1. Add +1 for every Lys or Arg and -1 for every Asp or Glu among the other residues with Cβ under 13 Å from the Cβ of residue 46, and state the total.
2. Obtain the nm distance between the two label points defined at residue 62 and residue 95 by a simple spin-label model: each point lies 7 Å from its Cα along the Cα-to-C-beta direction.
3. Taking K and R as +1 and D and E as -1, what net charge do the other residues with C-beta under 14 Å from the C-beta of residue 58 add up to?
4. Any idea how far the Cα center of the range 26-45 sits from the one of the range 54-108, in Å?
5. Subtracting the Cα-Cα distance from 0.36 nm times the residue separation, let me have the gained length for residue 25 to residue 69 in nm, one decimal.
6. Which of the cysteines in the chain are isolated, no other cysteine C-beta under 4.7 Å?
7. For volume of the Cα convex hull per residue in Å³, several values are listed as [x] 209; [y] 136; [z] 90; flag the one computed from this structure.
8. Long-range amide H contacts for residue 101: which residues qualify at under 5 Å (H placed 1.01 Å from N, peptide plane, sequence gap of 5 or more or a different chain)?
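Derivation of every value follows stated rules applied to the coordinates shown; laboratory data play no part. Predicted model only: the values in this text are computed from it and were never measured. Methodologically, a virtual Cβ is constructed for each residue, glycine included, from the backbone with ideal geometry; neighbour enumeration extends over all protein chains shown.
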Amino acid sequence: MTATARWVVVAPAGAIPAGELRPFVVNGTIVVVFNLNGEYYALDDVCTHDGGPLSDGVVQGDSVACPRHGACFNIRTGAVTAPPAVEPVRAFDTRVRDGVVEILDDRGD
């Protein structure tokens, strides 16, 4: 963790139903938060292939498919699981504290 890293409140845990995703603006950047069976994960909301919004994508198991060309990413890690993307999407550490989803943002202010 860097000196500028901090936990940022994203939403109440109940705002993201199981199996769904929601985009949120965090420090001027859109981050998509997923609820996989009560576990929360967060990725940058930008496909590394062509910049498509992953928040418009389809969740299948623990992957999300970009709506533009079908590149798939692991929701837990951001790793590419299907081309045409070759670079992973940035994943953020998440936690639920006092019923609120938070992400660890180390990009600075």
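1. Charge balance in the 13 Å sphere: -3.
2. 2.1 nm
3. It works out to a net charge of -2.
4. The range 26-45 and the range 54-108 have Cα centres separated by 7 Å.
5. Length gained between residue 25 and residue 69: 13.4 nm.
6. Among the cysteines of the chain, those whose Cβ sits 4.7 Å or more from every other are 72.
7. [z]
8. Those qualifying (amide H under 5 Å, at least 5 residues apart or on another chain) are 10, 11, 13.
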